[in-house]
Amino acid sequence: MSGARIGIRRTGIAVIALALAATAAGCGQTISGTAYPAGGSQSVNTNFDKLLRECEVVEPEKIGEAVGDAKYVDGSFNGAVCMWDVEDAPGGNAMVTLNWYEIGSLNNEKTTNDKLGYTTGNITVQGRRGLETRRPNDPDSCGVSASAADTGVVGWWINYRAGSTHPDPCAAAKKLVELTLNLAR
């Protein structure tokens with residue numbers, strides 16, 4: 001091997017050794033403090049012992065009353081959100097959706113609504129700030145959100161059949177938020 005190649009090889013080995021030493025030194029540090037999930041310092045139940053209980057916070061009978069004295073309210077999806085189909089809502093079928101984000105805020109909801117082009121207004125729900133949200137040119141649906149009783153944000157959406165005769169979807173959504181906040185205390 002020539003002298004130049006040996007010099008290049010030694011330099012390469014030295015650079016690699018230096019990089020490994022710097023990496024090991026960086027990984028060996030301990031930083032004091034408490035780790036929190038992305039988005040804030042709220043505590044989150046990671047035991048998952050109450051998974052999907054929020055889908056049961058308001059009984060189907062109360063959901064039916066809120067959307068117009070409907071009697072046939074069937075859960076259609078439980079997961080990140082909870083959904084119900086209402087077969088006998090005024091004007092025909094309706095869909096009701098509950099979202100409950102443990103790490104959420106009304107400001108984040110407002111920002112998201114703005115990005116989606118929705119119209120959002122401030123309202124009061126049981127003495128606290130809430131948001132009333134409508135999609136453009138959609139008088140058949142409405143969402144209402146408020147800060148949850150403990151942490152996060154809770155919201156209900158009502159979607160009546162398009163073009164049907166029905167009560168104000170915002171009033172129904174607000175009633176469901178009120179019921180949720182009462183029961184969550």
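The values are calculated or read from the model by the stated rules, or taken from the named source; none is laboratory data. Every value quoted in this text rests on a predicted model; they were computed, and no experiment measured them. Quick reminder, even Gly has a Cβ in these numbers, built from the backbone with ideal geometry, and neighbours come from all protein chains shown. With ligands, DNA and RNA removed, areas are computed over all heavy atoms of the protein, side chains included. Shrake-Rupley method; radii C 1.70, N 1.55, O 1.52, S 1.80 Å.
A few notes on this one:
- Residue in segment 132-140 that is closer than 21 Å to residue 105 by Cβ, in contact (Cβ under 8 Å) with a residue 24 or more places away in the chain, touching a Lys or Arg at 6+ places or on another chain (Cβ under 9 Å) and open to solvent by 10 Å² or more (accessible area, probe 1.4 Å) present: yes
- Against the test of being β-branched (Val, Ile, Thr), surrounded by 15 or more Cβ atoms within 10 Å (Cβ to Cβ) and within 19 Å of residue 125 (Cα to Cα), the options 103, 63 yield a single qualifying residue, 63.
- Lone unmet requirement of (1) buried (at least 21 other Cβ atoms within 10 Å of the Cβ); (2) in a strand (DSSP E or B) for residue 172: (2)
- Taking the criterion of being out of contact with any strand residue (DSSP E or B) (no Cβ under 7 Å at 6 or more places or on another chain) and at pLDDT below 90, the residues of segment 64-91 that qualify are 78, 79, 80.
- Screening residue 113 against (1) at pLDDT below 95; (2) polar (S, T, N, Q); (3) closer than 28 Å to residue 163 by Cβ leaves a single unmet condition, (1).
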